[in-house]
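Have a look at the structure below, then the notes.
The values are calculated or read from the model by the stated rules, or taken from the named source; none is laboratory data. Keep in mind the model is a prediction, meaning the values are calculated, not measured. With ideal geometry, Cβ positions are generated from the backbone for all residues, glycine too; neighbour counts draw on all protein chains shown. The protein model used for the area step is the full one, side chains on, heavy atoms only, and it has no ligands, DNA or RNA in it. Shrake-Rupley method; radii C 1.70, N 1.55, O 1.52, S 1.80 Å.
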Amino acid sequence: MDILQKAVDFFIRHRTTLSYSIVSLLTAASERVFSHVVFKCPCNSENLVYGYSFLLAPAFVLLLLGYMMNTRTWLLFTGICSPEKHPQYCSWRTWAHFCQLFVPMTAKASVAPLTWIAVALLGANFYECAASGSNMTAQLFCKNKGNYSQEQLYKMPCDEELAAAMSSVCLSFHAQSQLIGWFLIAVIMALALISTCVTHCCSPVSYLQFKFWKTYSRKEHKLFDIKAKEHATKLAERNTNCFFEATDPAPFPTPSNEDWQKVSVSYTFNSQSQYYSVLHKYVNTNRGNDAEFQEEGQDLNVIEFVDEAQPSVSGL
């Protein structure tokens, strides 16, 4: 039991890193299956479209899935087109706030598609097929451009002898693909390191306060889910009993639509008030009725690395 508890605690502490690692491994495994089982280069004039379709189309689908699986996406977009909210979304400040949240969302959603592209480039099958269908490839990578025709380039992915012969004057498509793949990986890692350093350097809270906030965010999210399920169960039981017993319902306090709207907004940290979530702010400002609740915070960046910043209601 001790080992199991330690394993659970380890997973909870590092769940973000582990989830990204699992997504990356599953994506890489899927790419290998597609590359060796599904993909068959036509070795004709369709090479370019066919190769890039396998390289880029699955990445685009994975990007869309990344957005769909991110609860913050639905927090931002739910109700955005309703007539009641339309006037408040017309200001440039609101759209700047939206973009500031959308950029880190895109970065998280890009983990799987970038993994697909990087693994595919290192494997080289998709790129070899696509590059052989482009005249530009020979012009860029061949020393003597007149030695081979476009028809021979088409057949390179399917003819190992022709590919070996052409490698004497051309940098092979396999090598090209791997060079681009390693360059992409290096750029991604550099950008990830720089963005992480900048985010931590600009944090308005200290390291120990950050750790406390991270713990608080996890606990609040967990307790909110438990309480929401209990409340919904009791309300459902009351309504069901009243229906079958033909009785009038007893009073049952539940949050109003206005209350749900208040705790569903995205939270910005304000060092003056020092609330750790929108729910924390709501509870301490007379259920969101004080003017302080409407005040804008100054920091969104810190939210991105405190429990990867899922608001309390996002788990519903």
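If R0 is taken as 45 Å, the Cβ-Cβ distance between residue 286 and residue 21 corresponds to a FRET efficiency of 0.55.
For the stretch 185-277, the solvent-accessible area with a 1.4 angstrom probe is 70 square angstrom per residue.
Solvent-accessible area of residue 19, all protein chains in place: 50 Å² (probe radius 1.4 Å, heavy atoms, ligands and nucleic acids excluded). Extending 7 Å from Cα along the Cβ direction at residue 245 and again at residue 258 yields two label points whose distance is 3.2 nm. Calculated FRET efficiency, residue 197 to residue 96, Cβ-Cβ distance, R0 = 22 Å: about 0.40 to the nearest 0.05.
The modelled label-to-label distance between residue 65 and residue 234, using points 7 Å beyond Cα along the C-beta direction, is 4.0 nm. The gain in end-to-end length when the residue 134 to residue 80 segment is fully stretched comes to 15.0 nm, 0.36 nm per residue minus the alpha carbon separation. With a Förster radius of 45 Å applied to the C-beta separation of residue 225 and residue 183, the computed FRET efficiency comes to 0.60. Remark: for residue pairs 108/227; 214/234; 211/281; 222/281; 222/262; 214/281, the C-alpha separation exceeds 23 Å in 108/227; 214/234. Sequence-ordered 3J(HN,Hα) estimates for the stretch 274-282 from the Karplus curve with 6.51, -1.76 and 1.60 and θ = phi - 60° stand at 6, 8, 9, 6, 5, 5, 4, 5, 4 Hz, glycine and proline given as x.
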